[in-house]
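Below you'll find the structure, written out as structure tokens, and then a few comments.
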Amino acid sequence: MDEIKLSAHALNLYFGNKKILKNINIDFPKNQVTSLIGPSGCGKSTLLRSFNRMHDLSPDARIEGTLKLDELDIYDQKNSVTEIRKRIGMVFQKPNPLPKTIYENLSYALNIHKFPKNEIPQLVESALKESYLWEEVKDELKKPAVKLSGGQQQRLCIARTVVLRPEVILMDEPCSALDPISSHKIEELIMILKKNYTIVIVTHNMQQAQRISDKVGFMYLGELVEFDTADNIFKNPANELTKNYVGGHFG
Amino acid sequence: MKKKTRSFFNWILLAGSTIIVCLFLGIILFDIFSKGLSSITWNFISALPSDGMTKGGIFPAIIGTILLTFITTLFAVPFGVACAVYLNEYARPSVLTNIIRASIRNLAGIPSIIYGLFGLALFVQAFKLGTSVLSAGLTLGLLSLPYIITTTEEALKRIPNSMREATLALGATQFETIKDVVLPKALPGILTGVILTLSRAAGETAPILFTGVAFYINGLSTSINQEFMALPYHLYMLSTQHQSIEQVRPLAYGTASVLILLVFMFNIIAFYIRFKHRSQD
Ligand SMILES: Nc1ncnc2c1ncn2[C@@H]1O[C@H](COP(=O)(O)OP(=O)(O)OP(=O)(O)O)[C@@H](O)[C@H]1O
Ligand SMILES: [Mg+2]
């Protein structure tokens, strides 16, 4: 049995009166890549964003159920949301580097979480190396991050997340704004990162999901229809909807 | 073909309007500078008025306007920006915030003379600040607040949410996000609004009329609780209230030129800051 890192139990999420997530139960195994797939609008991003409490900012979002990081209740008001977000990092669909230099993009999070000043350069360097960006940027760390290419920016965003040594990394379609070569690099990076991090990724690319995932969850209209190993979902799905979707018949 | 002619006419219309506007601006500037630049000498800028203001310079009025604008800035910019940040970043959208926004827009439409009366009642009398550059600066600050709030909020609205999410997802607090990402990103837009507003405020006459501006001051006042001279009022006085208007006409145009140049200077500074900021991110 896999060790469970992140889980949702009886999760319902509403935007106003609209129920977007319906009774989701899901367990993400530690140090594995889990993909969430499903047609547009089915609630993948919404589910992903519940885990690092990004819905806290939407006034009309309401959440029921239990979400846990190990034994920690993510929505318990006693727990600080900034501490949870430090442990559960997130990479977005469109690269969103901070309007600062490459170096500051990484040191920023370390500074706000009060890492010792003298350790920061070393941590920045190792996060850039871990994200395979170091060779490309080591001579221009003072350059504004927006001057990097889209693919480099996205790897910078991953590095910016990795620098905090989170336990979980949530990725919402991290390759969809990128060219094939850049997305291939990100895929390789994900395969390496999973040794140390639990990764949950939303993707629309079935080949990608097949290549990188250990487990796959298929969502449809706010429900988690099927959750199984990547092999089973793609080669031997139990549900008719899953079969149609991974076979490319809708979505 | 028909479509092409249509778009050609549209183009003519738009380009024509632009040219006409620029033409008027050009005529105004040419008229003022052609009559005024010749009276701008070092003496005119650096000396006190003399001989019943038919000779000498406008130094006290320049200093007065600069000091006045400084006080206005100090008061209106922090409050205005804070208010906009509250409305756009913290306040949850509700009927109340919409009422607040509507009131702010309405305040922007109130004639400036009414601000003058209000400043007289509030700062000069109720707060006992007297007729002084402080009272006048605060009054102009009130006048500027609605514009600064509105333009700042527009600038904040233009920052995409993905920017805020970037730092929030790293565990930054909302305050850190605003301070480190949102405000720096919005700075060029905020600055544009602030400079436009302050340029207008620097040229206002009505709000300072009752609150502290003086006809003539013997010597230079640099204390914030004294009356002061200001360029727009000096201009008004030279062109309508002076006993020998014809004689001081060149001085009036000179004063107008200096006022315009001062406002240009504000704008150039703002342009420079915007430029520097842009090359950074
Ligand atoms: N802030 C919000 N307020 C109201 N409704 C929302 C909000 N965010 C998302 N929704 C709705 O929730 C549903 C699920 O959206 P979500 O973004 O999770 O879909 P998704 O599966 O990620 O789709 P995609 O593949 O296109 O990214 C959609 O119907 C969307 O309209
Ligand atoms: Mg999505």
The number of residues in region A:87-103 that are within 10 Å of another protein chain (Cβ to nearest Cβ), touching a Lys or Arg at 6+ places or on another chain (Cβ under 7 Å) and either modelled with pLDDT of 95 or more or over 19 Å from A:Ala177 (Cβ atoms) (or both) is 1
| said: On the basis of being within 19 Å of the chain's Cα centre (by Cα) and either modelled with pLDDT under 90 or in the same structural domain as B:Pro184 (by TED's automatic domain parsing) (or both), does B:Ala82 make the cut? | reply: yes
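If I filter region B:55-71 for residues that are assigned to a helix (DSSP H, G or I) and either of a type in the set (Phe, Trp, Tyr) or not assigned by TED's automatic domain parsing to the domain that holds B:Glu153 (or both), do I get at least one hit? I'd like the intermediate steps shown before the answer.
As a first pass, look at region B:55-71 and keep what is assigned to a helix (DSSP H, G or I): B:59-71.
Cutting the leftovers down to either of a type in the set (Phe, Trp, Tyr) or not assigned by TED's automatic domain parsing to the domain that holds B:Glu153 (or both) gives us B:59, B:70.
Yes, region B:55-71 contains a residue that is assigned to a helix (DSSP H, G or I) and either of a type in the set (Phe, Trp, Tyr) or not assigned by TED's automatic domain parsing to the domain that holds B:Glu153 (or both).
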> Does any residue of region A:176-195 turn out to be of a type in the set (Gly, Ala, Ser) and in contact with a Phe, Trp or Tyr (Cβ under 8 Å, 6 or more places away or on another chain)?
Replying inline: no
When region A:201-224 is checked residue by residue, the ones that are farther than 21 Å from A:Gln153 by Cβ, within 16 Å of ligand 1 (Cβ to nearest atom) and not acidic (Asp, Glu) are A:Met206, A:Ala209, A:Val216, A:Gly217, A:Phe218, A:Met219, A:Tyr220, A:Leu221, A:Gly222, A:Leu224
Here the residues within region B:18-44 that are open to solvent by less than 60 Å² (accessible area, probe 1.4 Å) and in a helix (DSSP H, G or I) are B:Gly26, B:Leu29, B:Asp31, B:Ile32, B:Phe33, B:Gly36, B:Ser39, B:Phe44
Of the residues in region A:203-224, those that are open to solvent by 20 Å² or more (accessible area, probe 1.4 Å) and in contact (Cβ under 8 Å) with a residue 60 or more places away in the chain come to A:His204, A:Met206, A:Asp214, A:Lys215, A:Tyr220, A:Leu221, A:Glu223, A:Leu224
Out of (1) surrounded by fewer than 22 Cβ atoms within 10 Å (Cβ to Cβ); (2) touching a helix residue (DSSP H, G or I) at 6+ places or on another chain (Cβ under 8 Å), the one B:Phe275 does not meet is (2)
request  = With respect to A:Glu140, determine if the residue is assigned to a helix (DSSP H, G or I) and of a type outside the set (Lys, Arg).
outcome  = no
### Message
Here is a check on your reading of the model: is A:Leu106 assigned to a strand (DSSP E or B) and within 14 Å of another protein chain (Cβ to nearest Cβ)?
### Response
no
The condition from (1) within 14 Å of another protein chain (Cβ to nearest Cβ); (2) at pLDDT below 95; (3) within 16 Å of ligand 1 (Cβ to nearest atom) that A:Arg165 misses is numbered (3)
Of the residues that make up region B:210-220, is at least one over 24 Å from B:Leu145 (Cα atoms), open to solvent by less than 30 Å² (accessible area, probe 1.4 Å) and at pLDDT 90 or above?
-> no
When region B:181-203 is checked residue by residue, the ones that are within 7 Å of chain A (Cβ to nearest Cβ) and open to solvent by less than 30 Å² (accessible area, probe 1.4 Å) are B:Val181
Going through (1) over 14 Å from the mean Cα position of the chain (by Cα); (2) small (Gly, Ala, Ser); (3) open to solvent by 20 Å² or more (accessible area, probe 1.4 Å); (4) within 16 Å of ligand 1 (Cβ to nearest atom) one by one, A:Gly38 fails only at (3)
Of the residues in region A:14-28, those that are open to solvent by less than 40 Å² (accessible area, probe 1.4 Å) and either touching a strand residue (DSSP E or B) at 6+ places or on another chain (Cβ under 6 Å) or of a type in the set (D, E, K, R) (or both) come to A:Tyr14, A:Ile20, A:Leu21, A:Ile24, A:Ile26, A:Phe28
Residue count, region A:53-100, condition β-branched (Val, Ile, Thr), more than 22 Å from B:Ala91 (Cβ to Cβ), under 18 Å from the mean Cα position of the chain (by Cα) and more than 16 Å from ligand 2 (Cβ to nearest atom), comes to 3
What do you reckon, is A:Glu240 over 18 Å from A:Phe51 (Cα atoms), among the acidic types (Asp, Glu) and within 16 Å of ligand 1 (Cβ to nearest atom)? no
So the helices (runs of 4 or more DSSP H) completely within region B:90-180 holding 3 or more residues that are more than 14 Å from every other protein chain (Cβ to nearest Cβ) and open to solvent by 50 Å² or more (accessible area, probe 1.4 Å) are B:95-108, B:112-119, B:133-157
Exactly one of B:Ile190, B:Ile224 is assigned by TED's automatic domain parsing to the domain that holds B:Gly52 and either touching a Lys or Arg at 6+ places or on another chain (Cβ under 9 Å) or assigned to a helix (DSSP H, G or I) (or both), and that one is B:Ile190
**Prompt:** Does at least one position in region A:171-189 carry a residue that is open to solvent by less than 20 Å² (accessible area, probe 1.4 Å), within 14 Å of chain B (Cβ to nearest Cβ) and out of contact with any Lys or Arg (no Cβ under 8 Å at 6 or more places or on another chain)?
**Reply:** yes
Picked from region A:63-86 (must be within 14 Å of chain B (Cβ to nearest Cβ) and in contact with a Leu (Cβ under 8 Å, 6 or more places away or on another chain)), the residue farthest from B:Phe175 (Cα to Cα) is A:Leu69
In region A:158-191, anything touching a strand residue (DSSP E or B) at 6+ places or on another chain (Cβ under 7 Å) and more than 16 Å from ligand 2 (Cβ to nearest atom) is listed as A:Ile158, A:Thr161, A:Leu164, A:Pro166, A:Glu167, A:Val168, A:Ile169, A:Ile190
Cβ pairs under 7 Å, 6+ apart or interchain, first in region A:40-60 and closer than 15 Å to A:Pro174 by Cα, second of a type in the set (D, E, K, R) and within 14 Å of ligand 2 (Cβ to nearest atom), ordered by first then second residue, are A:Ser45/A:Asp172; A:Leu48/A:Asp172
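The values are calculated or read from the model by the stated rules, or taken from the named source; none is laboratory data. What you see is a predicted model; the values in this text were computed from it and never measured. Positions of Cβ are backbone-derived with ideal geometry, glycine not excepted, and every protein chain shown enters the neighbour counts. When the accessible area is computed, the model is the full protein with side chains, heavy atoms only, and any ligands, DNA or RNA have been set aside. Shrake-Rupley method; radii C 1.70, N 1.55, O 1.52, S 1.80 Å.
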